[in-house]
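Nothing in this text is a laboratory measurement; each read-out follows from the coordinates by a stated rule. On a predicted model such as this, the values are computed, not experimentally measured, just so you know. Ideal geometry is used to build each Cβ from the backbone, glycine not excepted, and the neighbour counts take in all protein chains shown.
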Ligand code: NCD
Ligand code: ZN
């Protein structure tokens, strides 16, 4: 099969054909003619930080609803986080969650293993058991504060025993000031070793990570909103406007853009539950920003496709290139529209991006198969691959 159109290929948009066999790209070339696709054929997004809940929190999101939301947003692979209820802290619960995923995920799915004080001595063994059946992308997001938290000493111990990417939610538990809490935790973690830092919200911490072996992730909400404007809770908290502006100016230093999709019901939100849904809006909002010239298309692809695949070791995913899965999100640059919560598919039912402009994908392809067209899903749940 050949898909022909305007393709984001090797850093530029070129008119060419993509030849696909068994879901994998086997050739790309100007002389290849095939099925014509209108719009810009972009590589599908990879969101390495989502909370799809399930279990006792199925009322706020499930792998089914969360992955459907992802698909509508042009995201074909997600990394789910282990702070579920009950949490993913041993192989038994890991396998249970993967069984749910196999039946219900629309997009490709992978799951981080949780690290807590209680399992650090067995973490090696747990990982080994899981790896016999599944690919474990990372240990994370490891909390230093609140529920499921570990001490720096435990983090150090884990770092010594496992040779795995460990993703850290870096907020020092003993620091009141929100900027200092992040900077201090990052500083301390960097002295322990190499980590992947989730949702970095200050330029200072981003810069420290940039000059180290470690990698970083930023979210749309920390880039777009300050605490003066949005007074809702999220971890790490939104910062003052000058801290936010500095983060935007240093965006180029971030390795990954991820949503930290953290859905709650409206009632819970009013009661102060931390987090915002965002897996469906992240790629559409940033593609719109590309159109407006706020960010470069290459930076978006690097941070939302290439680096996520590279850092988490998803070899078959990434850019549109020979050897990779034919996973595409097709955007029509003329179809911009305001984001409305009622159009979205998360169970949360609300968004902090209401009214912001976005370009949603008109078509999505997974392994060469058209899975979404003009707002309609063409596959059943369970289509996604569990990694
Ligand atoms: C996360 C969630 O809801 O799971 N919320 C968030 O604000 N990022 C967990 C957390 O980080 O506290
Ligand atoms: Zn999170």
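Here are the numbers for this structure:
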{"read-out": "For segment 218-298: relative contact order, % (alpha-carbon pairs under 8 angstrom, 6 or more apart)", "value": "28"}
{"read-out": "Rough spin-label spacing in nm, given labels placed 7 Å along Cα→Cβ, for residue 268 and residue 163", "value": "3.9"}
{"read-out": "Estimated FRET transfer efficiency when R0 is 30 angstrom, pair residue 85-residue 336 (beta carbons, to 0.05)", "value": "0.20"}
{"read-out": "Distance between segment 30-54 and segment 319-387 - C-alpha centres, whole angstrom", "value": "8"}
{"read-out": "Residue 30 versus residue 310: modelled label distance in nm, points set 7 Å from Cα along the beta carbon direction", "value": "2.7"}
{"read-out": "Relative packing of peptides 38-44, 178-184 - highest average C-beta neighbours within 10 Å first", "value": "38-44, 178-184"}
{"read-out": "For the chain, built as a Gaussian network whose Cα springs stay under 10 Å, the top-fluctuating residue of 230, 78, 107", "value": "230"}
{"read-out": "Sites residue 299 and residue 118 - FRET efficiency at Förster radius 41 Å, r taken between beta-carbons, to 0.05", "value": "0.50"}
{"read-out": "Most to least packed among 56-62, 378-384 [average Cβ atoms within 10 Å]", "value": "56-62, 378-384"}
{"read-out": "Most mobile of 255, 146, 90 in a GNM of the chain (Cα contacts under 10 Å)", "value": "146"}
{"read-out": "Longest to shortest principal axis, alpha-carbon extents of segment 1-145, angstrom", "value": "58, 32, 29"}
{"read-out": "Distance between segment 248-306 and segment 106-154 - C-alpha centres, whole angstrom", "value": "24"}
{"read-out": "Contour excess over end-to-end distance, with Cα ends at residue 180 and residue 228 and 0.36 nm allotted per residue", "value": "15.4 nm"}
{"read-out": "Relative contact order [Cα under 8 Å, 6+ residues apart], the chain, whole percent", "value": "21"}
{"read-out": "Over segment 123-252, volume per residue of the alpha carbon convex hull, in Å³", "value": "116"}
{"read-out": "Binned Cα-Cα distances of segment 47-125, short to long, each 10 Å bin given as a whole percent", "value": "20, 53, 23, 5, 0"}
{"read-out": "Near-label residues of segment 53-79 by backbone N, under 17 Å of a point 7 Å along Cα→Cβ of residue 146", "value": "53-54, 57, 60-61"}
{"read-out": "Convex hull projection area averaged over all views, the chain, Cα basis, nm²", "value": "17.3"}
